[in-house]
Amino acid sequence: MKKITLLCMAIIASWGLSAQEMILSHSTDALNFGGGVACANTDSGISTTNSFWRSYVLADFDITEATNVVKVEVAVGSANGATAASFVTVNLYTSDGAFPGGTRTLIASQELNFEESDANTLKILTLDAPIGVEASDEIVIEVFDADETVNFRIGQNTSGETAPSYLSSDGCAITDPTPTEDIGGGFPDDYVLNLVVDATLGVDDNLLSQVAVYPNPTSNELNVKVPASVEIMDAAIYDVLGKKVNAQLVGGKMNTADLSAGVYILKVTTSAGTLTEKIVKQ
């Protein structure tokens, strides 16, 4: 007999971002997460076969040109019983209709290894080769767990999300990707499952690579330094919901003291192009 179970744990995770990459996330809080909902055996509590899903419409993140998918970030909320040989399969698709509708086309599939000690950490899967995608594409992430000897759960929290998290599992007769809030009595799980793409192509990457943003993570002040040949036209910080926060660039510095702890997006528009970088406020 199987049932849906919810395992809760609290952790803090943080990571950096290269100026040449952009992390797409639907999680309001991508720093704190614990074990999430999955189909599991009633007696043992071990998760059965599960697929964890998220989708990303690139245009929703102001991506206007073709780019490459380079990484997937998977929050491991639980990994009880895992060994060095344990893995999940990360599948990437394009969809010709709004997910979970439409027809999905597989564009990449790669194993992500993990151990029990990886619980409560963010695992970063670097793709064997960058996957070219169009700005109009919707990219679907599936994390498929077929190992019924390991209690694997995607890390989650209930802080909010900008698009639903989905689960499917033959063991619990959830044959199609279903929002977690619609499963059973409803689970407000917000899976931390992020997509990493190359920064927008077609700008002067040599000059943009010389833009310095520090310290990151930051506490009270963020410095933005550019080469003498580059003019900053605008600089703004947005929360993960896309709302612009009250932080202005003055003399190459932005005051972040009043920002709540969490993840933000810095967007710097320059004469050499636009730089987008993730900022972590401690």
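The values are calculated or read from the model by the stated rules, or taken from the named source; none is laboratory data. Source: prediction; values computed, not measured. A quick note on method: Cβ atoms are made from the backbone with ideal geometry, for glycine too, and the neighbour counts reach across all protein chains shown.
Mind listing just one residue for me: the one in the stretch 154-194 that is among the small types (Gly, Ala, Ser) and in a strand (DSSP E or B) and, of those, surrounded by the most Cβ atoms within 10 Å (Cβ to Cβ)?
Going residue by residue through the stretch 154-194, those that are among the small types (Gly, Ala, Ser) are 155, 159-160, 163, 165, 168-169, 171, 173, 184-186.
Now narrow it down to the ones that are in a strand (DSSP E or B): 155, 168-169.
Numbers: GLY155: 29, SER168: 21, SER169: 22.
Filtering first and then ranking leaves GLY155.
Mind checking which residues of the stretch 246-273 are surrounded by fewer than 17 Cβ atoms within 10 Å (Cβ to Cβ) and closer than 26 Å to GLU161 by Cα? Steps first, please.
Quick first cut of the stretch 246-273, residues surrounded by fewer than 17 Cβ atoms within 10 Å (Cβ to Cβ) only: 246, 248, 250-253, 255, 257-258, 260-261, 267, 269, 271.
If the condition is that a residue be surrounded by fewer than 17 Cβ atoms within 10 Å (Cβ to Cβ) and closer than 26 Å to GLU161 by Cα, then ASN246, ALA257, ASP258, SER260, ALA261, LYS267 are the ones that fit.
Residues in the stretch 8-44 that are part of a strand (DSSP E or B) and farther than 23 Å from GLY171 by Cα were compared, and the one that is modelled with the highest pLDDT is LEU24.
Which of the residues spanning the stretch 130-153 are part of a loop (DSSP other than H, G, I, E, B) and among the charged types (D, E, K, R)? Across the stretch 130-153, the qualifying residues are GLU134, ASP137, ASP147, GLU148.
Of everything in the stretch 88-107 that's modelled with pLDDT of 95 or more, in a strand (DSSP E or B) and not hydroxyl-bearing (Ser, Thr, Tyr), which residue is surrounded by the fewest Cβ atoms within 10 Å (Cβ to Cβ)? The residue in question is LEU106.
Which is within 24 Å of GLY34 (Cβ to Cβ), touching a residue at least 12 places away in the same chain (Cβ under 8 Å) and touching a His at 6+ places or on another chain (Cβ under 9 Å), of LEU193, LEU241?
Values: LEU241 fails: touching a His at 6+ places or on another chain (Cβ under 9 Å).
Unique residue meeting the criteria: LEU193.
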